[in-house]
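Encoded as structure tokens, the structure appears first; notes follow it.
The values are calculated or read from the model by the stated rules, or taken from the named source; none is laboratory data. These figures come from a predicted structure and were not determined experimentally. Quick reminder, even Gly has a Cβ in these numbers, built from the backbone with ideal geometry, and neighbours come from all protein chains shown. What goes into the accessible areas is simple: the full protein's heavy atoms, side chains included, and nothing from ligands, DNA or RNA. Shrake-Rupley method; radii C 1.70, N 1.55, O 1.52, S 1.80 Å.
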Amino acid sequence: MKKTSRTSHLVSRISLLVTCSLLLFSSCKSNKGNSSVDNEEITATGPTFNADSAYMFCQQQCDFGPRTMNSEAHEKCAEWIVGKFKEYGCDVTTQKATLTGYNGTSLNSTNIIASIYPERTTRILLCAHWDSRPWADNDEDEKNHHTPVMAANDGASGVAVMIELARIIRQDSSLNVGIDFVCFDAEDWGTPQWDNSANSESSWALGAQYWAKNPHKARYEARYGILLDMVGGEGAHFYREGMSERYASKIVDKVWNAAKGIGYGSIFVDSKGGYVTDDHVPVNDFLHIPTIDIIPYYPDCERSSFGPTWHTINDTMEHIDKNTLQAVGQTVVQVIYSE
């Protein structure tokens, strides 16, 4: 789902200054790291996350086919996402815009914002992208490089977790804050590996860039944000992502403490991962909401540190793991119900 492919020790270039990139590279040389996860015990709180339900929501998105920009599947899936959030009691807003892809293509984009307890002034932002990569440009077989990606993990999984969160929150009245679920569109239209004509970091996360500059509510504020990206993959481990540490280290601590406290410390690894250009970057840059990225890191995977299915035709339901969905979903429950 990510913007740029990076190996285990290669820092993703970001849309900042070159000098900053050099500093990031030096700080990402090792995964062993500033461990800041507390050892204190945490009492589990909040409702139980249902991974079977999240898995079903993931499957239902994939049933539309690849949700690539400007496609019929994309439009039908947007309607389905809106309907599911409304079914679970959310106030839903759609933000439509015509965005421009890296190659000048006009993209009919729809950001979907679903709010629980919209009247509450203290809010938490949860977000994920819902579009599919149009090209499997990291596939082992070059013949597949122009084939759309099903995006079971890199797209559907994050939205599925959010819909399941909306479902269980509706059944539990003990939450003390308002929640805004934002489904970003046009995240995965970034420059393909096979196109050497352009290589801009700004070609990624187009929907998030638009929303961060034009939020659905004037002067929108949230206490913090959590981006869910590729949160259902087999064998996934979530390291402390570099841009998240830079922008919102206290929120990284909060989430990783929660995961460890409820028994998922082996999945939420207390070590540094890579630096990722993702939807959380414009949210931090333009709205200044401290937002982190829960995203997998596979330091020993030769094809990509995002995992073996990233931007390949193998990003399908066969490689979605309910245990991963459970770990992420229950950790987010723990975080938001501890507020």
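Points worth noting:
- Of residues in segment 46-64 being closer than 14 Å to L165 by Cβ and part of a loop (DSSP other than H, G, I, E, B), the one least open to solvent (accessible area, probe 1.4 Å): F49
- Candidate set: segment 328-338, residues that are open to solvent by 10 Å² or more (accessible area, probe 1.4 Å) and assigned to a helix (DSSP H, G or I); chosen: the one nearest to P308 (Cα to Cα): Q330
- The lone exception for S157 - which of (1) in contact with an Asp or Glu (Cβ under 8 Å, 6 or more places away or on another chain); (2) of a type in the set (S, T, N, Q); (3) assigned to a helix (DSSP H, G or I) it fails: (1)
- Conditions (1) part of a helix (DSSP H, G or I); (2) closer than 11 Å to N153 by Cα; (3) open to solvent by 30 Å² or more (accessible area, probe 1.4 Å): number failed by L325: (3)
- The lone criterion from (1) touching a Leu at 6+ places or on another chain (Cβ under 8 Å); (2) open to solvent by less than 10 Å² (accessible area, probe 1.4 Å); (3) aliphatic (A, V, I, L, M) left unmet by I116 is number (2).
- Within segment 207-235, the residues that satisfy the criterion of being small (G, A, S) and over 28 Å from I320 (Cα atoms) are A212, A218, A222.
- Only one entry in T291, T324 is among the β-branched types (V, I, T) and touching a helix residue (DSSP H, G or I) at 6+ places or on another chain (Cβ under 6 Å), namely T291.
Quick grid of which residues meet (1) at negative phi; (2) within 15 Å of the chain's Cα centre (by Cα); (3) modelled with pLDDT of 95 or more:
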residue: V231; (1), (2), (3): yes, yes, yes
residue: N257; (1), (2), (3): yes, no, yes
residue: G263; (1), (2), (3): no, no, yes
residue: K272; (1), (2), (3): yes, no, yes
residue: I292; (1), (2), (3): yes, yes, yes
residue: G307; (1), (2), (3): no, yes, yes
residue: I336; (1), (2), (3): yes, no, yes
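- Restricting attention to segment 193-229, the residues that are open to solvent by less than 50 Å² (accessible area, probe 1.4 Å), of a type outside the set (S, T, Y) and modelled with pLDDT of 95 or more add up to 16.
- Boolean, I320 is within 23 Å of I163 (Cα to Cα), touching a strand residue (DSSP E or B) at 6+ places or on another chain (Cβ under 9 Å) and open to solvent by 10 Å² or more (accessible area, probe 1.4 Å): yes
- Residue in segment 230-254 that is surrounded by the most Cβ atoms within 10 Å (Cβ to Cβ), counting only those that are under 27 Å from Q59 (Cα atoms) and out of contact with any helix residue (DSSP H, G or I) (no Cβ under 6 Å at 6 or more places or on another chain): F238
- Looking across V281, V276, V333, one residue alone is of a type outside the set (S, T, Y) and out of contact with any strand residue (DSSP E or B) (no Cβ under 9 Å at 6 or more places or on another chain). It is V333.
- Any hit, segment 151-165, residues being open to solvent by 20 Å² or more (accessible area, probe 1.4 Å) and of a type outside the set (F, W, Y): no
- Residues in segment 70-121 that are over 19 Å from the mean Cα position of the chain (by Cα) and assigned to a strand (DSSP E or B): D91, V92, T93, K96, A97, T98, L99, T100, S106, L107, N108, I116.
- Whenever a residue of segment 151-169 is more than 13 Å from R67 (Cα to Cα), its partners that are of a type in the set (G, A, S) and open to solvent by 10 Å² or more (accessible area, probe 1.4 Å), lying with C-beta atoms within less than 6 angstrom and at least six residues away or across chains, give the pairs E164/S53.
- Considering segment 86-104, the residues that are touching a helix residue (DSSP H, G or I) at 6+ places or on another chain (Cβ under 6 Å) and not aliphatic (A, V, I, L, M) include one that is surrounded by the fewest Cβ atoms within 10 Å (Cβ to Cβ), namely G89.
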